1. Take the residues in segment 52-81 that are in a loop (DSSP other than H, G, I, E, B) and hydroxyl-bearing (Ser, Thr, Tyr), then tell me which one is most open to solvent (accessible area, probe 1.4 Å).
2. When you check residue 149 against the structure, is it farther than 23 Å from residue 43 by Cβ, hydrophobic (A, V, I, L, M, F, W, C) and modelled with pLDDT of 90 or more, yes or no?
3. Looking at (1) at pLDDT below 90; (2) surrounded by fewer than 20 Cβ atoms within 10 Å (Cβ to Cβ); (3) touching a Cys at 6+ places or on another chain (Cβ under 8 Å), which is the only condition residue 122 fails?
4. When segment 125-159 is examined, which residues are found to be under 17 Å from residue 76 (Cα atoms), in contact (Cβ under 8 Å) with a residue 60 or more places away in the chain and either among the basic types (Lys, Arg) or open to solvent by 50 Å² or more (accessible area, probe 1.4 Å) (or both)?
5. State whether one or more residues within segment 152-164 are within 14 Å of the chain's Cα centre (by Cα), farther than 21 Å from residue 61 by Cα and not in a loop (DSSP other than H, G, I, E, B).
Amino acid sequence: MPTVSEQFTSYREFASASLEEIYGDRLDRALELRANHLESGVWLNTTKGREPLSFRWISLPWETQLSPVNAIASGDFDRDGKMELAIAQNHYSNQVETGLWRGHPGCHVEWELDQFQPIRPPVSGLFLPDDTKSILSLDSDGNGWQDILAGQNNDAVLLFRKLGQ
């Protein structure tokens, strides 16, 4: 909103303003949408055999709730038999009045004890602090280990290679 910087001369003034003070009569014409669930998660397929399809909602850990989730790649990246998710996060293309959403440098989680457990970046090696929009798993070098390729908005493509053990 270009007028925000003209209308308010300090962050404090903007932060303490009401919506009516910020938007004026445009607020009456704004589209109003309501959401009843804002938590990031995944649908886990719990179908057994030839049963009808059934799914269970699994909320992602608190760490993944700190920034919007843009994309998820799944796999067993460390070959321990447990499902893992590599999660692309952050959002830098917001409108000026909402600021940047950059609460977490991407997440790596592993399925354990019937829930996803976070793996910290120094342990997992996955570090995506910028506006990451896409992520996928692939074996980029043919060594049998899944690697992670991450696409960032207006920035370099990142490759995280698993060198094996």
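1. Result: 54.
2. yes
3. With respect to (1) at pLDDT below 90; (2) surrounded by fewer than 20 Cβ atoms within 10 Å (Cβ to Cβ); (3) touching a Cys at 6+ places or on another chain (Cβ under 8 Å), residue 122 is out only on (3).
4. Scanning segment 125-159 gives 136, 146.
5. Within segment 152-164 (the criterion being within 14 Å of the chain's Cα centre (by Cα), farther than 21 Å from residue 61 by Cα and not in a loop (DSSP other than H, G, I, E, B)), the answer is yes, since at least one residue qualifies.
The values are calculated or read from the model by the stated rules, or taken from the named source; none is laboratory data. Keep in mind that this is a model prediction, so the values were computed, not measured. All Cβ positions, glycine included, derive from the backbone under ideal geometry; neighbour counts span all protein chains shown. Ligands, DNA and RNA are excluded from the accessible area calculation, which covers all protein heavy atoms including side chains. Shrake-Rupley method; radii C 1.70, N 1.55, O 1.52, S 1.80 Å.
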